[in-house]
Structures are given as C-alpha cells and as structure tokens.
Amino acid sequence: MPELPEVETVRRQLINLIRDETIARVEAPFPPIITHDLHWFQDTIKDQVIRDLDRKGKFLIFMLDRHAMIIHLRMEGRFHIKKDEPVLKHEHAIFHFASGRNLRYHDVRKFGRITLVEKDRVMHHPGIAALAPEPKHLDVNHFYRRLKHKRVAVKTALLDQRLVAGLGNIYVDETLFHAGIHPKRLTSSLTKKQVVRMVEHATHVLARAVELGGATIRSYQAITGVHGRFQNELAVHTKKDEPCPICQTPIIKIKVGGRGTYVCPKCQQ
Ligand SMILES: [Zn+2]
C-alpha cells in the first residue's frame, strides 16, 4: 500500500508530466471509481486545466481551474501517462488531454475513489477534514496530551490518521525502532521526552523516505518505471530473524492491532 512518501513521490513526478494540460474528456470504464454521476463529472471537468498537484496526508489533490479533484490511491492505485496504447483491464479512469496524451488511473483492487469538489471546499472533504498534521507540523505538547489520555498501543496510535497523519505500517515500525519504544507500549505511559523523540524520528524517517522516492516493497510502484529506494535503509520492517543494526539481536515479528510488526526485543523494551 502506498504510504505518505510514496504518494509524495507520485506527486512530485506526476506534476511535471501533467501541469498545464487541458482535460478534453474523461472516460471511466469502471464508473464506481468516480464518486459522482458520471455525466456530471465529465461535463464539469471538461476544459479545465491542471494547474497544480497538492497532497494532504495520502490524498492527491489535482488543482484545476474551478475544481479540485481528490484521489486516494488506497491499496494499489497508480498513474500512467500514455498516448494511443490500448486501454488495459485495470485502467478505470482515463483523462484525455487536449495535447493528445492521457492520464490513466490504474487500480487492480478497485479501492481508489475520485471526487471533484470546488477548490475552496478541499478542506471540507471528510477524509481530509479528519486528518491530523503530519509529524513535522505536529504541536508536540498537544500531541503528548492527546496520547496521555489514550490507553492504546503506541503503534495503533501512530497509525491513527486523526492523531498524526502520514505514518503507515512501514514507517511506524521504523520510527519506534529508532526511538527505542516497544510498539505495544501504552500511550498513556509515554514520557514527554519519549514523545518528542518519537516525533523527531517520525519526521526524519518520512523525510528520508521522500528523499529516496519511497519504498518499493511487494511490487508497489508509484508510476511506471519508478522504484523507491527506502527499502534498502529499513532497520527492522521486513527484517524478521535478521540482526538488529544496533545490537545484533535477531528481529522478531509480532502482531499489534492485527498488523504485522517488526521489533528488536532488546532495543525496544
Ligand atoms: Zn537492537
């Protein structure tokens, strides 16, 4: 599943390919991908120009002339830029540009959804409105107080996008390892110092992953031909039975809130 660094990578690469393109028409071979009446969507988006591509959490926001098109890639969503190639089975929405090129939304699992809102209503989109700030924008005092009032495993809390946005399974495991905190530790028992450390490491892990184009694991590829390299720097995630990079103790895999979780049993007590 693409996480924040992968979505940011898509954003950075895609914007250079589509900025200033005019949408001439849209086809949707799998209409449920579009969360509106298809004819309304097609009429409304027609002739609008792609001015910019923003991101909030894992939502991509195509800024058009009057509207913003919001997409969450969910499990397997990805984009391809093509010309006259035949439409493939999993290409569920095709945005034809006036230039003759087209942007295709490809999604094997069909979980992604495309929504069009007026530009000034982006923050009212229910998914986006519920998002907490990303680690680098968190108010640590406020975050610490919210954690204090919860009695959940710290991993579960870090995955909760209403508490902190942008951390998925891979990046939570890495953050907690670097902060030396066990994923099952109750949030109410964390000290202020530990919360500060955790936020610092989360910020660093995400920034480094963005720098490396995200992580390509389990064959997720942001755009055709793009491979992230962050998987080469993973300390614990996917490293079961391999030595901890700090103390050489074999990494173990446990379940936390139903999610596969990698831990150094010595560094994260
Ligand atoms: Zn260790």
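Among the residues of segment 108-148, those that are more than 19 Å from D54 (Cα to Cα), surrounded by 14 or more Cβ atoms within 10 Å (Cβ to Cβ) and modelled with pLDDT of 95 or more comprise L138, V140, F143, Y144, R146, L147, K148. Just one residue in the set D120, D173, D160 is under 30 Å from Q13 (Cβ atoms), charged (D, E, K, R) and within 16 Å of the ligand (Cβ to nearest atom); that residue is D173. State whether the residues of segment 82-92 include one that is in contact with a helix residue (DSSP H, G or I) (Cβ under 9 Å, 6 or more places away or on another chain), at pLDDT below 95 and surrounded by 13 or more Cβ atoms within 10 Å (Cβ to Cβ). Yes - at least one qualifying residue is present in segment 82-92. Within segment 228-269, the set of residues being assigned to a helix (DSSP H, G or I) and surrounded by fewer than 21 Cβ atoms within 10 Å (Cβ to Cβ) comprises Q231, N232, E233. All told, V7 meets the bar of being in a helix (DSSP H, G or I) and among the aliphatic types (A, V, I, L, M).
The values are calculated or read from the model by the stated rules, or taken from the named source; none is laboratory data. Being a predicted model, the structure only gives us computed values, none of them experimental. Note: ideal-geometry Cβ built from the backbone for every residue, glycine included; neighbour counts use all protein chains shown.
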